[in-house]
1. Residues with amide H under 5 Å of H198's amide H, sequence separation 5 or more or different chain, H placed in the peptide plane at 1.01 Å from N; which?
2. Quick one: 3J(HN,Hα) in Hz for the range 385-392, Karplus 6.51/-1.76/1.60 with θ = phi - 60°, rounded, Gly and Pro as x.
3. As a test of reading the structure, rank R371, R179 by solvent-accessible area (1.4 Å probe, protein chains only), most first.
4. Roughly how tilted is helix 93-109, in degrees to the nearest 10 and between 0 and 90, from the longest Cα axis of the chain?
5. Of the lysine pairs in the range 199-312, how many meet both conditions: Cα atoms under 13 Å apart, and a spacing of 8 or more in sequence or different chains?
6. Under a 5 Å amide H to amide H cut-off, with H placed in plane at 1.01 Å, what residues pair with D360 once short-range neighbours are removed?
7. With axes computed from alpha carbons, what is the tilt in degrees of helix 243-253 against the longest principal axis of the chain, rounded to the nearest 10 within 0 to 90?
8. From the phi of every residue in the range 43-48, what ³J(HN,Hα) in whole Hz does the Karplus formula 6.51 cos²θ - 1.76 cosθ + 1.60 yield, where θ is phi - 60° and glycine or proline is x?
Amino acid sequence: MFLGLLEGIPMKSSTLNTLLVAKSIYTETKNLVNSGDKHFCTAGIILLQDFVELVVLAALDELDVDEQRNLESKSFDELLGELKKQGVPIIKSGTIKALNKQRVISKHYGQLTESVSAVNYFNVAELFVDDLLQKVTGKKLQEIFMTDLLCEGDVKETVKHAITLSELTNYFEALIELRKAFFLAYERDYSIYSWRNHDKDEKPLNGLIGLFRGGSKAHYWKKNKQWIDEHVSEPTDYIQIDYDQLKIDCMEWGLSTVHIENFRRLTPEVVETEKEQWHASYDTSLVANEANIENFRYCLDLLLDFLLKKQEFDSIKKWPKREKSIPAPPIYIGKPIYEKPSRESRISHTVQADYFYTVDKVVTGFDSSERYLYIHLYQDNEGKKQNHVWGYLLAGEEG
């Protein structure tokens with residue numbers, strides 16, 4: 001019995017890079033092969049063989065075969081032979097070799113491939129690749145990308161749980177876990193649950209308080225008790241997608257809104273109201289028709305593509321460093337705190353003795369001769385910050 005690498009050991013970076021290229025080819029191949037058009041299917045066969053060969057090379061690289069032999073000059077059949085020399089059992093080897101021959105016929109002689117044959121080759125290639133990588137790395141292709149590329153956290157753990165459920169053939173619960181991961185990564189920004197008791201006539205919540213409330217991407221007019229009481233009839237209605245914002249996000253991250261909407265339609269709706277308090281909603285037809293391995297794999301592919309592109313986009317953001325700070329000036333009791341950087345603005349608070357404070361930034365007033373400190377006042381009750389106030393203090397009056 002072949003003893004592959006242990007799952008807990010990170011794979012070589014060169015192996016991972018090769019598999020990333022293979023994954024990109026796989027995605028394009030899937031669309032071509034499933035098109036039903038002979039010309040697209042033929043192009044798909046050519047790409048499919050490249051995908052399989054790259055995975056074989058990645059497996060040999062992980063086994064350090066390239067350090068012992070020059071693989072560049074070897075044929076595809078010889079590469080499969082190298083795997084057997086390493087004691088790696090090969091499944092579906094006859095069909096995989098036939099795929100290589102079909103690719104030669106299609107590429108060099110222009111012979112078209114029937115759609116049924118293309119789909120069959122594709123399905124066998126998926127089984128071959130997953131089996132090979134499971135034996136060499138202890139993980140399937142999708143699991144490798146999830147494990148090695150997603151950032152640590154709740155989203156990653158939720159996706160891993162979904163994969164585990166799918167392996168137990170519990171596909172419907174696995175789909176729910178995929179949707180939970182999507183909620184944690186994205187839909188949570190559209191949840192208006194925390195605004196259910198906020199009266200629409202109350203003063204708007206600005207600054208960090210409004211941000212911590214959540215639902216930052218939901219329409220502002222929906223974030224109040226009156227709108228929620230009238231329009232939210234079940235828990236998942238707390239998710240209020242702004243579709244214009246969704247389109248903008250997809251354009252920035254290089255995603256298709258069609259794929260995102262497909263994912264949302266093919267998985268149950270979920271919402272987390274309180275910590276670990278999850279609610280779901282789904283049509284009975286979804287259970288009957290989509291709780292299967294094919295739909296799970298499709299939704300998993302869409303979710304991973306979404307998460308990785310969003311993660312890549314988020315990683316290029318830069319923020320000013322905050323390791324150093326300048327000493328805050330002394331602020332005296334009784335000084336006015338303005339809503340805006342102007343002495344004509346309404347006074348929202350006055351500095352009191354039992355308040356602590358931080359100075360967040362310095363702002364030129366609407367009168368350019370004036371300078372203001374934007375400050376955060378709060379009370380400390382046994383280590384718990386409360387009664388927060390943000391506003392502008394005229395510089396020169398702080399001490």
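The values are calculated or read from the model by the stated rules, or taken from the named source; none is laboratory data. As the structure is a computational prediction, the values presented were derived from the model and not from experiment. Glycine gets a Cβ as well: all are built from the backbone with ideal geometry, and neighbour counts include every protein chain shown. Please note that ligands, DNA and RNA were not included when accessible areas were found on the heavy atoms of the full protein model with its side chains. Shrake-Rupley method; radii C 1.70, N 1.55, O 1.52, S 1.80 Å.
1. K225
2. Couplings: 6, 8, 6, 6, 9, 10, x, 10 Hz.
3. Result of the area sort, largest leading: R371, R179.
4. 90 degrees
5. Final tally of qualifying lysine pairs is 5.
6. Answer set, sorted by chain and number: Y374, I375, H376.
7. 60 degrees
8. Using θ = phi - 60°, the values come out as 4, x, 4, 4, 5, 4 Hz.
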